[in-house]
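Q: Provided herewith is a single structure, encoded as structure tokens, for subsequent inquiry.
Please treat every number below as a calculation from the coordinates, not as lab data. Here the structure is a predicted model, which means the values were calculated and not measured. Every residue, glycine among them, receives a Cβ derived from its backbone with ideal geometry; neighbour counts consider all protein chains shown.
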Amino acid sequence: MTMQATDTAVRRSITVEAPVERAFWLFTEGIGTWWPPEHHLLQGELAEMVFEPRVGGHIVDRGVDGSECRWSRVLAYDPPTRVVFSWDISLAWQVETDLEKTSEVEVRFTAEDAARTLVELEHRNLERHGEGWEKMRDAVASPEGWDLRGFAEAAKRA
Amino acid sequence: MAYQRDGLTALADPTRRAIFERLAERPSAVGELARELPVSRPAVSQHLKVLKDAGLVIDRPFGNRRIYQLNPDGVGAVRAYLDRFWNQSMAAFKRAAEQRDEEVS
């Protein structure tokens, strides 16, 4: 499979053995039950992940030390069929404060029958992270170099 | 689906990371990279192929050689990262969704 240079989205679809309401709830408010535990933006230990179930809400990482990291804005919330949230995370796996450089994730839930749900995810507008990439590339080229720690660590743990 | 499998893994390999960093300093041909690194020419070619498939590197003809450089649009790198991330996350989501006796409230 070759990379399409113009494709600026990542797509995934899976069928889960769960009713649509449960699938939707688990993906949103139950996010802490499945989100990869190593992918958090807090300095300290994670206490919980909170998904605020409304447009304008956030996805929040909350630390045991009381610190919080709001790394996503809920852009659409239509239970139990659709949710869209922003991806305010830079390539260095830090919160991106420049909203022009953030991408978004749309997830659709379709009941295949009473007990099965098709979950389709699209993470799009990835080109907006482009400038972060420029910075990263410049950092690699700098005299100090750059060890690609974020990438490599993630790859090892994945 | 080599691309999906190799996306982020491409940079987990120390030799590929070294090649990637050389290319960040300047575009190079296979022979130049092989001279600078303790790796054979065929091995360099193989590593470049993986980096290319992952969207991290592009190449262009230059005379009778090919010059490799980092992919300037960078979208490939972002995609490689997130492709892997969502692959892992959606699998975990499926496991959680199908865990019937789970106590989450």
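Q: Once you list every other residue whose beta carbon is under 9 Å from the beta carbon of A:Arg62, what net charge do they have if Lys and Arg are +1 and Asp and Glu are -1?
A: -3
Q: Using the Karplus curve 6.51 cos²θ - 1.76 cosθ + 1.60 with θ = phi - 60°, what ³J(HN,Hα) values do you get for each residue of segment A:119-124, in whole Hz, with x for Gly and Pro?
A: After applying 6.51 cos²θ - 1.76 cosθ + 1.60, I find 10, 10, 10, 10, 9, 10 Hz.
Q: Whose amide H sits under 5 Å from the amide H of A:Leu41, counting only residues 5 or more places off or on another chain, with H placed in the peptide plane?
A: Those lying under 5 Å, H to H, from A:Leu41: there are none.
Q: Compute the Cα gyration tensor for segment A:5-127, then decide on rounded, prolate or oblate, letting a ≥ b ≥ c be the square roots of its eigenvalues: rounded whenever a/c is under 1.5, prolate when a/b is larger than b/c in the other cases, and oblate in all that remain.
A: Judged from the Cα gyration tensor, segment A:5-127 comes out oblate (a/c at least 1.5, b/c at or above a/b).
Q: Can you give the FRET efficiency for A:Arg82 and A:Asp113, using 1/(1 + (r/R0)^6), R0 = 25 Å, r = Cβ-Cβ distance, to the nearest 0.05?
A: About 0.85, to the nearest 0.05.
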